Structures are given as structure tokens and as C-alpha cells.
Amino acid sequence: MFSLLLAAFGNAGMDVEQFWALQDVSFTVEQGETLGIIGRNGSGKSTILKLLSRTLRPDEGRIEVDGSVFGLLELGAGFHPDLTGRENIFLNGSFLGVGHKEMGLLYPEIVAFSELERFIDTPIKHYSSGMYMRLGFSIALAVKPDILLIDEVLAVGDAAFARKCYDALAEVKRAKRTMLFVSHDPIQVRRFCDQVMWIEEGRIRSYGPARDVIQEYLQSTQGPMTAEVHMAPTDPAEEGDGPVKIVQSVLLDENGVETHSALPGETVTLRVRYEAERYLDDVIFGAALRRSDGLHVYETSTAESQGPVSVQPGYGTVECRLGPLPLGPGAYHISLAIWREGERMSPLHLLRNDLALFMGKPRGGHRGTTVIPHQWRVAAADSGVLPSVDKAVKPQPDMTSSSMSVPWSMPPEGLNMGRREEEYLGDGWHPVENWPPAVRWIGREARVVLTQDVARGTLVISACRPMHADRPVKGRVTVNGEEITTFRVSGIDFEDIVLPLDPVNEPTRLEIGLVMEETFVPAVVGIDPDTRELGLAIREIRIE
Amino acid sequence: MEKSEARGLSAIAGAVSEVASFSELLRTMVIRDLKLRYRNSVLGFLWSLLSPLLMTLVFILVFKVLTQTDIPNYPVFLMAGLLPWIFTQGSVAGGLHSVTGNANLINKVYFPRELLPLSVVLAGFVQFVIAYILLVAVLVAFRIELHATIVFLPLIMLLNLVFAAGLAMVVATVNVFFRDLQHLVEIGLLAWFFLTPIFYTLAIVRNTSFLGLDVHRWVFSLNPMATLVTDYRYVLTEGYLPIRHTAVTLVVALFLFGLGWYLMRRYSYRFAEIV
């Protein structure tokens, strides 16, 4: 009934040098189907959605769209910053051809879903990017277009709302509405999409059932090491028909959001919901982790710590915190089992390879199957006397996700930099959670203190303006009070400021300052009310 | 031949019906534009009346007090011409940035791009009509003699609207590809203002000949705004409508509107790439 066809189109610039954003891309999406589009940045994913939403026109080829289309392409699509949330809802409705009256009927639903009741009469230029996203997403859901185009927007916003969105999208999928979902997170794509198209350099690299294409994609993106790993059959299998059954299982990240991926050093929580038919007092819950090639990596059960547990008739939940995960990059599967004490071999319920866990590859890279916390230390040239004991390599006590191989100390405790404890910069804008822990903000200045060990280093500072800005934000970076560089931040995308640091002979205290020209409201820990105007974070510290 | 004509006609019909189907959006955009114009200003909508009034005061000061012009009812004379000028000038200036200033919309949502300049022009038109109605009310209140030709006033306003909309669409499109236009338009509007009999009458312009051409005739017959401004005055206070000049202006206005529409239709698909 509904069909959509793209054939050999591209997007030529006016310049002599032609660049085709897309070529030979033909596909059909039937009504009720969900198509995921994955690929690296700049591969042409977003161009496809722009073409479908008619903001771009193909130079060659044709597109047939049957039905109304809502494109949730970028933050604040079709919003006017000077209008209030309420006015923007109606304006956005008109762009979709939904009249004022109809929109009035949908209005309560939109506001309720967006949870923006308190701010709905505030001009949205005062909104944070998370709030923009809430508004846009809520409108998209309420308007119920025939075809929903979604482009990565869910990456913004707090964990609780992201989960709400994903649940809502799952509902859209269940309701058999057509959806095109663009993301570079293969895990989310796999969750929502029946079919997946992998775009590379403007061409279709692979197209087919979600499972196959994503497997292929992950193998290719995770480097040669994992590509060599033979992928064992990973189809889930089920056994047992006892009185206790697993009814639901999820992996949660550190924020309690469902996840299928983690980085080495991160912690995930396995949550299993079970249903018991009757009272039993000798039940054991177990989980086993297998690598995709079948290697048995780890196995654990409640028997180790709790012994047999009792279950009541009805539903219950068991959780297991796993981590910090010392696993190398690759795909893993978790099998779940419930058995009665002493009956390990004939479980009440067994779900083999029930959950997938993709371990990512952190920047800088790891080789090998396991990640071992470590710290390198190279002594400076000395008199030839053997190093004393306290100069020997010390094991790093605490393994956190990004600082694992970084010779930087945490800032000293009791660092006194500002009035309000909660005004940290790092949180919320940082790809790696909870690090660095204390970037302090005073008026126009943010400071972080780090100790540089004997190594040459590179400091990467990321900055963005979560709000739509008319003019760029200017600032300076200082190290120990000395200006090192200046920077400008204009958009909501993170911009990296890279600072090479000179090698030092002994651990040196570095006070890194970020000094802005104007006063901005920095990222505040805690989401509501969200008044962030500027996000700044020390993103990464590399050794060379 | 016949076929292509039919196709051309159906394309026009399609374009018109598309814009019609977006009429709700156009309405919302006009309201948005009106809201935004005076948001954060204390007097708000009053400014659409206040600013022509203040401008009139300036002209009275300069021309009535300083240069002793002998035009009767000079404030009425000024207002009658100044209001349409402000509307037209605002349409051109607003239309100029209507596409380039809305990159956010162009890049993210689809709608007929004509709506951008059209909404700016219509918002200005709403203000203009309200201001003009008030002007007529004031004339009535002050017992200034009006003529039956006042019934033509809406027609002249409509003509002015078509003219302004056409011009706005042309500059909006051209400005996307040649941003130089915005500088030219600034100067052009200034020159145009002086070449339009707003604060003076056609009568004071001497018949000068330049390179054998009648300057008076060239400047004023070919300036649609000159015709429009005098039309407004004539139907209001003279009881006369210069049919021939008005007809020429109608042709010019329709041509501009057609050109603007054509340019928008023809090139709007490139907007998202460039803006």
C-alpha cells in the first residue's frame, strides 16, 4: 500500500568539484516496517532522511512517498526561539498540516509527554537542548504521522526521558506505523528495526535483516581483531518448563537505562524478572557470559553469595551487578538459568544467549581479550642508581572507565574554587560518566586541577552551546595562569580544543582554567529545571 | 505543444493548490511574524501606528516648518503616502531576509518556500490596513472631506499587496544566491524613497529633460510606487483615480508576482543546500 522508492540519486554541489552524497541508493519500505539506517558520520544517512522529508531534492532519481511524513531530523526543527513552547507546538503542527483545532486537541497530550508544563509559556530560546528534544519528540508522537523519520535525536536529554522515548518508539513499532531510524548506535537500531541499511560513502554497503547487517557492521567497525573472531551461532534457545520462569531480562547501564553495549571498565546491571507458580525455597539464579565465538568467559550464580533463595508465587526481580567489566572489544552473550539446588543439569528455565552485550573499543585502543588495570611509569634519567622501591610501578587502585591508562591524578580533595557545590561543569556533557569529577565554575571561569606525571600529554577540552546561539562564545584556556590558546564555540555540537602539553620530569600540578568572555549558565548537575547555556568539559587526556 | 501547455497549466494549478493546502500554515506564520515584531517591546503593536506618526512629525518639522511647503493638509498628505511606503519598504526588506534568515526551517521541514516571503508581506499588510483604517477614521473625525472614490481604496491596497509580494519573492530568491543584493537593496530603497512623491507632490517636480528624455515622465510613470502613492491620495482626498497609470502598475505588479513565484518554484529546491 505504502511504498517508497529511491533510485540512483545524488546531491551535486554548484562547485566544479562534484560530490555525490548518495549514489545508487534504492530501497522500498512497506507500510508498518521499520528501517534502520546505520553508518559512520558523513556517510549519507541524514541526507536520506532530508530527501524523504523533502528538505532536499535529489539531482537524479526519484522518491515516492505515500502518506504524511514527520521528520525529527535535528534538534529544534521548525521551532522559533522567540516563541513560547505553546506557540511552537501550534507552529510545528501547521508545518505538518495539522490545523489549529486538531492541534488543540493534541496539545494536552504533547505537554504531558514532554513534562514541560512549567516552561510551556517560556520562549524556547531559554530551553536546553534536552528540552528542545522533549518538545519535538512529543509533537512527533502526538501527531501520529504515517511515516516517522528519526535522526539520532534521542542521544540528547536525560536518561529517564530517553527511556520514555524508546518505550514510545517501541509502541510506535508495535502499532505497525512506518518508521525510519537513523543512528550510529547499532544497538538501538537493532532494538527498533526489522530491516537495516548500512550506508558507507553514499552507497549501500549492506541491506537486510537487522541482526545480520548489524553483526557485519560491528565486525567491520571494531577493527581487525574482532573481525577475525569466528562468530558462533548465537541464536537464543530456551529449555525447561518448571514452576519458575524468566519473563523479562534486561541489561542496564550505570544510569539505569537499558543498554546492549558497554566500554571496558564500565559496570552493567543484569535485571531478571521471574514468575513463580508456587512457593519454592531452594531456587538458584545463574548467569553465564560467553564470547561470540563460544568461549565460556564467566559464570556466576546466587549460590555463591546467597545460597538457595526462596520465591513466592507471583512476580519477582533479581539483579546482578557486573563490573567493572574487564572485557576486550567484541560481542558477548549472556545466558540465564534458574534451577533448584542440586539440579543444575535440569534447570527450571534456561535461556541460552538471551542477551547480547557488545563491548566497545575505547579510544587509544586495546589489544587482547581482557583489560587489566595498569599504569605505566617511566622514570626520568637518573644517576644510574637502581630506583628505590617507591619509584617502582604501582598498581592503580581504582579502575574507572577512561582513566585506566591515564597517568593523571584526581584533583586533591577539598579543592576550594567556588561557592556552590553543585555547579560542576563536567556532568552531563561528558561521554565518559563521572569523570573528571570536579571541574569548578566561578562566574566566567571553570577550573580543574590535575597532576601530570612524567609524560607528554594531550588535553582535549570539549565545548558546546546547548542552546541555539546567535553568536559564538569566546574563551581562553589557561594552564597555571598562562594563556595557552583561545577558542570559540558556536553550535550545539561538541567542538574539541586540543592542547599539547609539554613533558615534565616529575609530577607537576597543572591548574587548567577555562575563562569565558561573558557569563553563561554552565551545565548544572541534575536535569530540571535545565538552564544550561554552555557545556564545557575536559573530555580526554591522552599520553603520546 | 498542446501537451506542454497543459502540463504548464497543471503545474500552476498544483502549485496553487499546494499553497492553498498550506493556508493554515501561512496563517500561523503571519501570526508568528506579527507576534515576533513587537515581542519584548513595551508598546507592542502600537508601534505599527506610532512609528509612521513619528515619521510624519519629522517630515512636518522638516518640510512644513523649515521649508514652508504649501501643500494643504500636509499631515494627511504625508500619512496617506507614508503608510503604503512603509508597508512596501518593509515587505522588500523583510522579504530579502525571509529565506536566508530562516535556515533553521529550510533545512529541517518541508513547506512551500513561497510562504516565507508571503508571510512577512502579509504580516506587514495587516499592520498597514489597520493603520490605514485608523487614518480614515481620523480624517472622518476631523471632518476632512472624503470622496466616493474611497471605495477603490481596498482595490489599491490589494494592488499594492500583489506588487509588494512579487518584489519580496524576487529579492528573497535572488538573495539566497547573491548575498550582495542586501547591500544594493539598502541603497535602492533610499533612492526609491526619494524618487517617490511621499513628502512632495508631483507638481513640484520640474519637467526636466535629460538626454532628450522627459525625466519627470520616466521617473514617475515607471515607478509603480509613485502611482500607488498618488492613487491613495487621489481616491482619498481628490475623488479621482488615474486609470491609465494604475493599469500600468497592475501589469507591473502581476508581472513581478509571476516572476517572483516562478523564481521561488524554480530554485527553492536549492535553498536547503545553500542557506
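Please treat every number below as a calculation from the coordinates, not as lab data. Every value quoted in this text rests on a predicted model; they were computed, and no experiment measured them. Note that we place each Cβ from the backbone using ideal geometry, even for glycine, and neighbour counts take in every protein chain shown.
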Return the distance in nm (one decimal) between the two label points of a simple spin-label model at residue B:194 and residue B:18, each offset 7 Å from Cα along Cα→Cβ.
4.3 nm
Quick one: dipole size for the stretch A:33-125, taken about the Cα centre, charges +1 on Lys/Arg Cβ and -1 on Asp/Glu Cβ, in debye to the nearest 20.
280 debye
For the pair residue A:306 and residue A:378, how long in nm is the line joining their label points, each one 7 Å along Cα→Cβ?
5.0 nm
Chain B - Rg (one decimal) and Dmax (whole number), Cα, Å
20.0, 65
About the Cα centre of the stretch B:1-147, what is the dipole size in debye to 20, counting +1 per Lys and Arg Cβ and -1 per Asp and Glu Cβ, all else neutral?
440 debye
Amide H within-cut-off set for residue A:497, under 5 Å, with H built and near neighbours excluded
A:461, A:462, A:463
Inter-part distance where the stretch A:264-307 and the stretch B:99-142 are each reduced to a Cα centre, Å:
66 Å
Based only on other Cβ atoms within 10 Å, what is the fewest-to-most ordering of A:132, A:166?
A:166, A:132
Which of B:71, B:112, B:57 sits farthest toward the positive end of the charge dipole of chain B, with +1 on the Cβ of Lys and Arg and -1 on the Cβ of Asp and Glu?
B:112
Per-selection Rg to Rh, the stretch B:128-275 - Cα, Kirkwood hydrodynamic radius:
1.03
When averaged across all projection directions, what area in nm² does the alpha-carbon convex hull of the stretch A:252-295 cover?
5.1 nm²
For chain B, take the longest principal axis of its alpha carbons; what is the angle in degrees between that and the long axis of helix B:47-59, to the nearest 10 within 0 to 90?
40 degrees
Enter the per residue convex hull volume of the stretch A:273-313, computed from alpha-carbon coordinates, in Å³ rounded to the nearest integer.
82 Å³
Fewest to most neighbouring Cβ within 10 Å: what's the order for A:38, B:187, B:144?
B:187, B:144, A:38
Over the Cα atoms of the stretch B:213-275, each weighted equally, I'd like the Debye log10 I(q)/I(0) at q = 0.14, 0.17 Å⁻¹, rounded to two decimals.
-0.57, -0.69
Take the stretch B:1-123, compute every pairwise Cα distance, and split them into 5 Å bins from 0; I just need the percent in each bin.
2, 9, 13, 15, 14, 12, 10, 8, 6, 5, 3, 2, 0, 0
Calculate the length of the line joining the C-alpha centroid of the stretch B:218-275 to that of the stretch B:5-59, in whole Å.
17 Å
According to a simple spin-label model (label point 7 Å from Cα along Cα-to-Cβ), what is the distance in nm between residue A:220 and residue A:505?
5.2 nm
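Based only on other Cβ atoms within 10 Å, what is the fewest-to-most ordering of B:261, A:339, B:192, B:218?
B:218, B:192, B:261, A:339
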